[in-house]
1. Quickly run through region 154-184 and pick out the residues that are open to solvent by 30 Å² or more (accessible area, probe 1.4 Å) and within 16 Å of the ligand (Cβ to nearest atom).
2. I'd like to check something: does region 131-152 contain any residue that is among the acidic types (D, E), within 15 Å of T182 (Cβ to Cβ) and in contact with a helix residue (DSSP H, G or I) (Cβ under 8 Å, 6 or more places away or on another chain)?
3. Restricting the search to region 95-114, which residues are more than 16 Å from the ligand (Cβ to nearest atom) and open to solvent by less than 10 Å² (accessible area, probe 1.4 Å)?
4. Please go through region 55-69 and give me each residue that is open to solvent by 30 Å² or more (accessible area, probe 1.4 Å) and either closer than 18 Å to V10 by Cβ or in a helix (DSSP H, G or I) (or both), ordered by number.
5. I need every pair where a residue in region 89-111 that is within 10 Å of H160 (Cα to Cα) and outside the structural domain of S189 (by TED's automatic domain parsing) has its Cβ under 6 Å from the Cβ of a residue that is away from the ligand (no atom under 16 Å from the Cβ) and part of a strand (DSSP E or B), sequence separation at least 6 or different chains.
6. Can you find a residue that is within 24 Å of the chain's Cα centre (by Cα), among the small types (G, A, S) and not in a helix (DSSP H, G or I) anywhere in region 252-269?
7. Being within 16 Å of the ligand (Cβ to nearest atom) and within 18 Å of the chain's Cα centre (by Cα) is the requirement here; does A129 meet it?
8. Among the numbered criteria (1) open to solvent by 20 Å² or more (accessible area, probe 1.4 Å); (2) closer than 23 Å to Y278 by Cβ; (3) not aliphatic (A, V, I, L, M), which single criterion is violated by T13?
Amino acid sequence: MASLNRVVVVGGTHGNEKTGVQLIHRLQNNPQELTRESFTAQTLLANEAAIARNCRYLEQDLNRCFTDELLSEAAANKEQALAQAINRQFGPKGPDSKTEWMIDLHTTTANMGITLVVQQHDPIALDMAHYVQQKLPEAVIFYENNTSAADPFLCSVARHGFLIEVGPIPQGLLRWEIFEQTRQALSHSLDFIERLDAGEIDLESPREAEVFQFVEKLHLPRNTAGEISGMVHPDLQDKDYHQLKPGEPLFILDTGQTIPFDGPEPVHVAFVNEAAYYDQAYGLSIMRKRSLSWKH
Ligand SMILES: [Zn+2]
């Protein structure tokens, strides 16, 4: 058991999301904040080259490089090589990973408040999200039902991955309230592990929570040359987690013409006008709001 990492807290997976990087620095300087009765968490600044350049990534989004496929084939770029190095140090990804928990700190430019992301149907990670939400009732749970093999996130290297995403904040800068919300969500996450270790978390009763489940990303309007030719409609800007009904304004072309949502049924929206989406000309994500039940 000596080689098992109980908990690793990660910042700088995206090099221009400074909140997580700054919080890692604070924690490294104040290790008592990483310590609970039953463990002391380790820290990782994941993409130091991107942090130094204040960019999201150098060649490929590091948080898309942790599928089984990309971890097993020859690395095609700097981030794929970095992902494989992180997997050697903290994995190997899968049930025998030497890291039990990995908590990855992110920010978004969208008006999403505190979002707790669980990428696989992992009851213990869902319990953590549920626990943090009870402490921070404004927090929202994002749920995806990925297989481990297809989960591209860095935190999937651990047996239990958890991602804290806070916004709105522009890329490349710090704001106290975002920093503080991130710190609180992380602190409650660490408390959850301590309480789990102490046998204080009920693992018998089935649980239920309202979650947002990812459906798909929608492209911004583009012209025949593939160039962006419009933007998020002002009526939709900052309306993360709101419902969007068929026929309601979605985008607005450069000319001022409104493009309505033409989906077959109402959806919910998130990552509305997320700056990191522009490299692939996406404008937002649509989500399905649902009740999720789970048991151990
Ligand atoms: Zn990020």
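1. Matches in region 154-184: P168, P170, Q171, L173, L174, R175, Q181.
2. The answer is no, given that none of the residues of region 131-152 is among the acidic types (D, E), within 15 Å of T182 (Cβ to Cβ) and in contact with a helix residue (DSSP H, G or I) (Cβ under 8 Å, 6 or more places away or on another chain).
3. Residues satisfying the conditions are S97, T99, W101.
4. Matches in region 55-69: C55, R56, Y57, L58, Q60, R64, D68, E69.
5. none
6. No, that holds for no residue.
7. no
8. If we test T13 against (1) open to solvent by 20 Å² or more (accessible area, probe 1.4 Å); (2) closer than 23 Å to Y278 by Cβ; (3) not aliphatic (A, V, I, L, M), just (1) comes out false.
The values are calculated or read from the model by the stated rules, or taken from the named source; none is laboratory data. Worth saying up front: this structure is predicted, and the values here are computed from it rather than measured. Here the Cβ is made from the backbone with ideal geometry for all residues, glycine too, and neighbour counts use every protein chain on show. Protein only, heavy atoms only, side chains kept; ligands, DNA and RNA dropped before computing areas. Shrake-Rupley method; radii C 1.70, N 1.55, O 1.52, S 1.80 Å.
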